[in-house]
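Just so it is clear, none of the values below were taken in a lab; they were calculated from the coordinates. All values derive from a computational prediction rather than experimental measurement. Ideal geometry is used to build each Cβ from the backbone, glycine not excepted, and the neighbour counts take in all protein chains shown.
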Amino acid sequence: MRLQCANIFGYGQPVFTAEELKQVRLACGIRRADHFTSMAVASVKSPRANLPPLAQETALITASAFGPVNTIFQMLDDILDFPEEQLRPACFSHSVHNAAASYLGVALNIRGPVFALTGLEDAFFEALDLAKTLLDGALAPAVLLVCIDEDSLLTPHLPAASPIFPRPPREGVVSLLLDNHADGLQLHLDRTAASAPRLFPFGMTAEFADALNSPPKELTLHPAS
């Protein structure tokens, strides 16, 4: 499996400002999109994103540790505060974990297989493993992997809740274009845990991000510790 393009926002490049997200919403016609979904779309459609044209058959994977957690909290608050018939449909639809994948598919006009993964342990590594399966099985000519996690009321309390978060994790979004072409950075997956801690909640390590600054010919990726 080879990496053709990588965009990392929140490490090296800052995450998106409110104005950047507003411009992406306007450009893509996604006025109602929440912060989580807007970051996902901005990672491939903002002026700072570096993504070549995609074949329509490109597969899409979104991955997150917590999903659109702020919208989920809003939905739960509404359930407690209002009768069922007064719940906001837009809030409910954006609280679904595959909403971001739907927006991405429409914004990029791709129609390949679509998966939305959420997992606390290491969603990033599991998504890479799924991408490799899709490519090795010739189920898609390329895979776009978009990983997102946002700051929330939960973020400051994560170190007390789980040992995998020694400090409050940062908000960030990553988009990777993967295929099996002869060129590009060769990626190998090894399920032995890495010594480096996770950079974002979804599990990507700083080791991987730093390697992209001067990429070697081959790189072995491990699950985050």
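Taking amide H atoms as placed 1.01 Å from N in the peptide plane, list the residues 5 or more away in sequence, or in a different chain, whose amide H sits under 5 Å from that of L117.
Those lying under 5 Å, H to H, from L117 are T62, A63, S64.
Could you work out [θ]222 nm for the chain from helices alone, using -39500 (n - 2.57) per DSSP H run of at least four and dividing by all its residues? Round to the nearest 500 deg cm²/dmol.
Details: 8 runs with 76 residues, N = 225.
That comes out to -9500 deg cm²/dmol.
Name the most mobile residue of P166, P141, P197, meaning the one with the largest mean-square fluctuation, in a Gaussian network model of the chain with Cα contacts below 10 Å.
P166
Got a sec? How would E20, E57, E150 order by Cβ neighbour count within 10 Å, fewest to most?
Listing E20, E57, E150 from fewest to most nearby Cβ atoms yields E57, E20, E150.
Work out the length of the dipole vector of the chain about its Cα centre, built from +1 on the beta-carbon of each Lys and Arg and -1 on the beta-carbon of each Asp and Glu, and round it to the nearest 20 debye. Provide the component values of the computation, followed by the final result.
Values: 15 positive and 24 negative charges, 108 e Å.
Rounded to the nearest 20 debye, it is 520 debye.
For semi-axes √(5λ) of the Cα gyration tensor in Å, the listed values are (i) 28, 21, 16; (ii) 31, 26, 18; (iii) 38, 17, 15; which was obtained by calculation from the structure presented?
Here semi-axes √(5λ) of the Cα gyration tensor in Å agrees with entry (i).
FRET efficiency for D183 and T118, Cβ-Cβ distance as r, R0 = 30 Å, nearest 0.05?
0.40
Give the residue from H35, Q74, T155 lying farthest towards the positive end of the charge dipole for the chain; charges sit on Cβ (+1 for Lys and Arg, -1 for Asp and Glu) and the dipole is referred to the Cα centre.
Of the options given, the answer is H35.
So which DSSP H runs in the chain come out at 30 Å plus along the axis (Cα) with average Kyte-Doolittle of at least 1.6? Working shown, then result.
Numbers: long enough: none.
Helices passing the filter in the chain: none found.
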